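Participant: Pasting a structure below so you can have a look.
Throughout, read-outs are computed from the coordinates displayed, never taken from laboratory work. From a predicted model like this one, the values you see are computed outputs, not experimental measurements. Cβ placement follows ideal geometry from the backbone for every residue including glycine, while neighbour counts extend to all protein chains displayed.
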Amino acid sequence: MRRLLLCAALAAATQTERVLVRFDDYASSEKHRATVSRKLGPEGRHWASADRRRRHPTDFLALHLTRGARRALRTFRVDLDRSTLKPLWRNLTQAQARYKVIVAPGKEASETWHHGERGQNSTIAIFDTGLRSNHPHFPKQPDERINWTSERTLADTFGHGTFIASVVAGISEECPGFAPSSSLRIHKVFTNQQVSYTSWFLDAFNYLLYKGDVDVINLSVGGPDFADRPFGDKVKEIVASGITLVSAMGNDGPAWGTLNAPGDAVEVIGVGASEADSGRVAAISSRGFPLGDRIPRMKPDYVAPGMGVLGAIPGGASCSPNHGTSVASPSVAGVAALVVSAARRAGTSIKNPAMVRQCLNEASTSTSESMWAQGFGRINSLKAVQCAETYTPRVTLVPPSFHLEKDCPYLSPLCDQPLIRGGLPISFNVTVLNGLGVLGRVTDLQWASDSSLVVEAQYPVTLWPFAGAFAVRIRASPDASIGVHTGKLWVRVDSNEKTCSDASSDGRWVAWEISVEIAAKPDKRKRLLWDASHSLTYPPSFSPRDNLNQNADLLDWNGDLPYTNFRGLFRRLRSRGYHIDVWYEDLSCINLDEYGALLLVDAEDIYSQDEIQAVHAGGTSLFIVADWADAALREQARFFDDNTQVAWEPAVGGANVVELNKVLKPFDVALGGGAWEGALPQAFGAGSRFESGSVIARAPVGSYVVKTRLEKRVSLKRGGTVKVEAPQAVLAAVSSDKGRAVVFGDTGCLDDWKRTGRACWELLEASVAFAVSGVRSPAIFPDGARLQEPLVIGEVPLDTPPSPLLKKYSRHYDASPPYVADPPPKPQVCGARDMRAVETRDEGWSPV
């Protein structure tokens, strides 16, 4: 046994990972490799280069490292060389039955061309799958074609790169590009099998930084990994150099919480897809705020035609239709090139991505849909060019105002319910576009309004590159008057040579108008609290999908919030008069007595002893919705990433049943785990299904337990279920002196993401009504479901110490009761430590 353990340890130590080692300076690859050699010894045993030959300076190396060697480089910045970005288009034939309008969006720029602007003073780089030489849509050969991939050809047999390049700068009369006279640079960063690495993008980015002659980059790619630090840091550096970066937002609509990186970054222009004829947001276009922020920030920035768009094909002169945000992004990149060219023609010599965005903002028209689906809407290229011709540097805020009571549904879901007097605040991230320079700073905020609205904000904040964001919280004071209240948040931005010093400098003030409806505090039975602090999603953790029947996504990455993939649930409860607050902190930091019920939906994280005590101290009612929990299936969900040479292991299953059972213990209710699926009772919602859930194993006498026949999943392979004759308990409702609790084993019929059956809104409404008031729906909880003896079915998962992965990703582990050999818990700190109260001035106050 000892020898086996030693062999296993040696195998782990010699297993290699493909990583990026980043340096603080730009130098030749040879110099950086010499630095690594001095630390690890000669190349060969512990490390090997994964680099391509390059002639330009670099600030990173791509290496294959053993784990032991990676530990030896712990003083360096070492990250996985990831492969999460994918081209974002779909074949038109999938949508032909419902959408048959075919358009060439470049023709929208005909007025701009007649105005004299065709992009002749701009240079655009396309990062994609390449472009063949001598393509008829590009008779003037691209100025540069470079292959950064492992393939030996620049040709594009996949077709994505060819199509995108034509929408930006093609000259075909049938499907012209927006900027046909621009200079075009082709950078192949995807193979024709759609494989890519972060290192290939970094090489291409560094080359552009070295050359310094590109104005706009189009990235018709995306993925859920907003935490790819090397990629994100390099994107900031690219924009800081004056390059405007445009990216697609994803094709996972109409579900919310589906925005892709890098388009969700504050410094990147993110583009969604619209229907060409109606202008409405296309159903496929991703929606919802950027999940890396945890506080809503406006994205996407714009929409452009993304359905039935005509573009070039690799093998001929004809045009062919495609759709997706991939084909919408190059439209905006083309307009951005027109803006840059117009500014240069008007005498502007400095590259300014903030100017580009400010002109695009002024030239856009939105529809009545939410800004988290469309941003500023569709762009008029002529208006954008005219803005650039007369541009003066300025600071602008995004969105320009925040009128919650009248700009609905544009500000939905934040405008879907009023502020409550003395209740939780509305939180929002305001984007600042700094046309004054690459570096700026929000140095002061002043709030001009009456005392009914209290504003807190995160400042001072550095604005780099050319943009940034700061968080704002708006709350109604306990003695606020009922009705609509208005005010102006004055924002001061400094942006000059004194920005980073202590010396005084002149600042620019800009006003952000706010209007909010304040309502009286509703009856406790109409107030619900959503626990958002116990959801673990990708990134950073490998949280496996909740619905094991769908294989399109291996990861749970949609946020699990009422504003994202549970938006349908949120809207249903709002339509029934409930007010839903979302809580992102420890449950011991809020007065739970204010709420009729606490909603624990798809919780994966640990519940500390303090939280459990807080929940039960005042008899808080619960509505708990779980998901699958099966150790064998979790093991099967592990996979080895051939690209990065890393094994991905789930930190937990669909839900953390062990922790939920701790919360449920005072009610004598316990989930049994497993992964069960099948049809739900008709009363729950016609056509609704139990998709991959945990069954209920324990419940006390007098509780209501609803059972149905299900199949148990024993394998992740297709057909990996077995029939079980005995009906399984899927829903339980308990009322006791401890309070009330409703437990349902699966989120599948409540989650908008990849739902295979119909929604179970009847179940939702009945469960919440029982939790808040004890009112029982006979259709959902029939008389025959009342237990005459305790429910005891199968085993209950054992309470074992959290796994190392769960400890790593948990937000609450430090506050949990220590297991054997664990360090003592850290004290829980309540409240956002980076938020400050903004000084309130008289309503008419102005600094200018």
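Participant: Distance from the Cα centre of the range 560-615 to that of the range 257-302, in angstrom?
Facilitator: For the range 560-615 versus the range 257-302, the Cα centre distance is 26 Å.
Participant: Using DSSP, restrict attention to beta bridges with both residues in the range 86-389 and report what percent are antiparallel, rounded to the nearest 5.
Facilitator: The antiparallel proportion sits near 30 percent.
Participant: Quick check on the chain: of the DSSP beta bridges with both residues there, what percent are antiparallel, nearest 5%?
Facilitator: 65 percent
Participant: Compute the helix-to-body angle for 198-211: its Cα long axis versus the longest principal axis of the chain, expressed 0 to 90° and rounded to tens.
Facilitator: Approximately 30 degrees, to the nearest ten.
Participant: Using only alpha carbon pairs under 8 Å that are at least six residues apart, calculate the relative contact order of the chain and give it in whole percent.
Facilitator: Taking the mean separation of contacting Cα pairs over the length of the chain, I get 9 percent.
Participant: Projecting each Cα onto the charge dipole of the chain (Lys/Arg +1, Asp/Glu -1 at the beta carbon, about the Cα centre), which of 744, 341, 135 comes out farthest on the positive side?
Facilitator: 135
Participant: Continuing with this model, one more query. Amide H to amide H, which residues 5 or more places from residue 484 or on other chains are under 5 Å from it, using H placed in the peptide plane?
Facilitator: For residue 484, whose amide H was placed from the backbone, the distant partners under 5 Å are 518.
Participant: Would you grab the residues whose amide H sits under 5 Å from the one on residue 297? Only those 5+ places off in sequence or on another chain, please, with H modelled 1.01 Å from N.
Facilitator: Residues meeting the amide H criterion: 429.
Participant: Mind pulling the angle between the C-alpha long axis of helix 353-362 and the longest principal axis of the chain? Nearest 10 degrees, somewhere in 0 to 90.
Facilitator: Helix 353-362 and the main axis of the chain meet at about 70 degrees.
Participant: Please list, in chain and number order, the residues 5+ apart from residue 582 or on another chain whose amide H is under 5 Å from its amide H, with Hs placed from the backbone.
Facilitator: 530
Participant: Can you work out the Karplus-derived ³J(HN,Hα) for every residue in the range 24-33? Use 6.51 cos²θ - 1.76 cosθ + 1.60 with θ = phi - 60°, whole Hz, and x for glycine or proline.
Facilitator: Rounded to whole hertz, the list is 7, 10, 8, 7, 6, 4, 4, 5, 5, 5.
Participant: Here is a further query. Quick one: dipole size for the range 440-578, taken about the Cα centre, charges +1 on Lys/Arg Cβ and -1 on Asp/Glu Cβ, in debye to the nearest 20.
Facilitator: 760 debye
Participant: Oh, and also: Say the dipole of the range 525-801 comes from +1 at the beta carbon of Lys and Arg and -1 at that of Asp and Glu; which of 756, 628, 540 then lies farthest toward its positive end?
Facilitator: With unit charges placed on the Cβ atoms, the residue in question is 756.
Participant: Regarding the range 200-333, what's the average projected area of the Cα-atom convex hull, expressed in nm²?
Facilitator: Mean projected area for the range 200-333: 8.9 nm², to one decimal.
Participant: Could you state the number of Å between the C-alpha centres of the range 696-712 and the range 15-91?
Facilitator: If you average the Cα positions of each part, the centres end up 53 Å apart.
Participant: What's the Kirkwood radius of the range 525-801 in Å, using all Cα pairs?
Facilitator: So the Kirkwood estimate lands at 18.6 Å.
Participant: Whole-Hz Karplus ³J(HN,Hα) for the range 338-350, in order, using 6.51 cos²θ - 1.76 cosθ + 1.60 and θ = phi - 60°, x for Gly and Pro?
Facilitator: Once rounded to whole Hz, the list reads 4, 5, 4, 5, 5, 5, 5, 5, 7, x, 7, 9, 8.
Participant: The range 671-710: Rg/Rh from Cα coordinates, Kirkwood Rh?
Facilitator: On the way: Rg = 11.0 Å, Rh = 11.1 Å.
Checking Rg against Rh, the ratio lands at 0.99.
Participant: Would you work out the charge dipole size for the chain about its Cα centre, treating the Cβ of every Lys and Arg as +1 and the Cβ of every Asp and Glu as -1, and quote it to the nearest 20 debye?
Facilitator: My answer is approximately 1640 debye.
Participant: Moving on. Would you mind checking the pairs 665/707; 665/754; 140/351 and listing those with alpha carbons more than 29 angstrom apart?
Facilitator: Where the Cα-Cα span goes over 29 Å, the pairs concerned are 665/754.
Participant: Give me the angle, in degrees from 0 to 90, between the Cα long axis of helix 2-14 and the longest principal axis of the Cα atoms of the chain, rounded to the nearest 10.
Facilitator: It works out to around 30 degrees.
Participant: Could you state the per residue volume, in Å³, of the convex hull enclosing the Cα atoms of the range 354-454?
Facilitator: 129 Å³
Participant: Could you give the Stokes-Einstein D for the range 315-374 in µm² per second, using the C-alpha Kirkwood radius, 10 °C, 1.306 mPa s? Walk me through the intermediate numbers first.
Facilitator: Values: Rh = 14.0 Å.
Rounded, D is 113 µm²/s.
Participant: Mind jotting down a quarter of the surface of the convex hull over the alpha carbons of the chain, in square nanometres, one decimal? Walk me through the intermediate numbers first.
Facilitator: On the way: hull surface 150.3 nm².
About 37.6 nm², averaged over all directions.
Participant: So what's the projected area for the range 603-741, the Cα convex hull averaged over all directions, in nm²?
Facilitator: Values: hull surface 41.4 nm².
With the hull built on Cα positions only, its mean projection is 10.4 nm².
Participant: Another question about this same structure. Return the sequence-ordered ³J(HN,Hα) values of the range 370-387 in whole Hz as given by the Karplus equation 6.51 cos²θ - 1.76 cosθ + 1.60 applied to θ = phi - 60°, using x for Gly and Pro.
Facilitator: Result, rounded to whole Hz: 4, 5, 7, 10, 10, x, 7, x, 8, 9, 9, 5, 5, 4, 5, 5, 5, 4.
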